[in-house]
Amino acid sequence: KGRFDTFLMYRSMFFSWNRRHNKPLSWFILPYALLSEAQLILEPIGATLLITYSIISGEYVSLTLSMLFVGISYFIVATFGYGLTWKERAKLIILWPITWPLFYLVVWIEFHALLRSIHMVLRGDALEWQDWKREGVN
């Protein structure tokens, strides 16, 4: 919900020509973040349709190409990621088959959180932030 509150609070910064506003933030980062939210709405629906279609039709080429695209992207990040040791790179590549289904599990969790956030924004609900009292370690 915090992202929606931020988008609403700073909506005047989207595509702003005002000199006070940072141009990369105004013209790239904020619109891209909003586009990411829209993509998050469509991704789990598309993935579910793709998996369902593959199971019902018995045609797994589309699902395989989807997995291959994610795998190649993952491989590129693991291979050329900044600040990773060779051991970390190898571990990322080896663990890809496990992380792919976990990635879609996280997408579904984020999708659920997004729907709840949209519902809260439409109802006008506010969040109450908790104050944590730090006491240290005894």
If I take all pairs of Cα atoms in region 20-93, what percentage of them are more than 22 Å from each other?
54 percent
Relative contact order (%) - criterion: Cα under 8 Å, at least six apart; region: the chain
28 percent
Picking from Ile51, Asn18, Trp100, whose Cα lies most toward the positive end of the charge dipole for the chain (charges on Cβ: Lys, Arg +1; Asp, Glu -1)?
Asn18
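Once you have the Cα-Cα distance between Asn18 and Thr99, take 0.36 nm times their residue separation minus that, and quote the gain in nm to one decimal. Please report the intermediate quantities before stating the final value.
Details: separation 81, 0.36 × 81 = 29.16 nm, distance 4.28 nm.
Net length gain for the segment: 24.9 nm.
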Residues with amide H under 5 Å of Phe14's amide H, sequence separation 5 or more or different chain, H placed in the peptide plane at 1.01 Å from N; which?
none
1.4 Å probe accessible area per residue over the chain, in Å²
82 Å²
Taking every other residue with Cβ under 13 Å from the Cβ of Ile94 and scoring Lys and Arg +1, Asp and Glu -1, one gets +2
Give me the percent of the accessible area of the chain that comes from carbon and sulfur atoms, probe 1.4 Å, all protein chains in place.
69 percent
Charges on Cβ only, +1 for Lys and Arg, -1 for Asp and Glu, centred on the Cα centroid of the chain; of His112, Ile29, Leu68, which one is farthest towards the dipole's positive end?
Ile29
Could you check the simple spin-label distance between Tyr53 and Arg11, using points 7 Å along Cα→Cβ, in nm with one decimal?
3.5 nm
Across 5 Å bins from the origin, how do the percents of Cα pairs in region 83-138 run, short distances first?
4, 13, 10, 11, 11, 10, 12, 18, 8, 1
Full extension between Ala38 and Ile72 adds, at 0.36 nm per residue less the Cα distance, a length in nm of 9.9 nm
Calculate one ³J(HN,Hα) per residue across region 41-47 by plugging θ = phi - 60° into the Karplus curve 6.51 cos²θ - 1.76 cosθ + 1.60, and present them in order as whole Hz with x for glycine and proline.
5, 8, 4, x, 5, x, 5
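In square nanometres and to one decimal, what's the mean projected area of the convex hull around the Cα atoms of the chain? Mind dumping the intermediate values first?
Details: hull surface 57.9 nm².
Dividing the Cα hull surface by four gives the mean projection, 14.5 nm².
Is it possible to state the helix-based mean residue ellipticity at 222 nm for the chain, with each DSSP H run of 4+ residues giving -39500 (n - 2.57), the sum divided by total residues, to the nearest 500 deg cm²/dmol? What is it? Numbers along the way, then the final one.
Details: 5 runs with 93 residues, N = 138.
After summing the helix terms and dividing by residue count, I get -23000 deg cm²/dmol.
The values are calculated or read from the model by the stated rules, or taken from the named source; none is laboratory data. Every value quoted in this text rests on a predicted model; they were computed, and no experiment measured them. We place every Cβ from the backbone using ideal geometry, glycine too, and count neighbours over all the protein chains shown. Heads up: the accessible areas ignore ligands, DNA and RNA and are worked out on the full protein's heavy atoms, side chains in. Shrake-Rupley method; radii C 1.70, N 1.55, O 1.52, S 1.80 Å.
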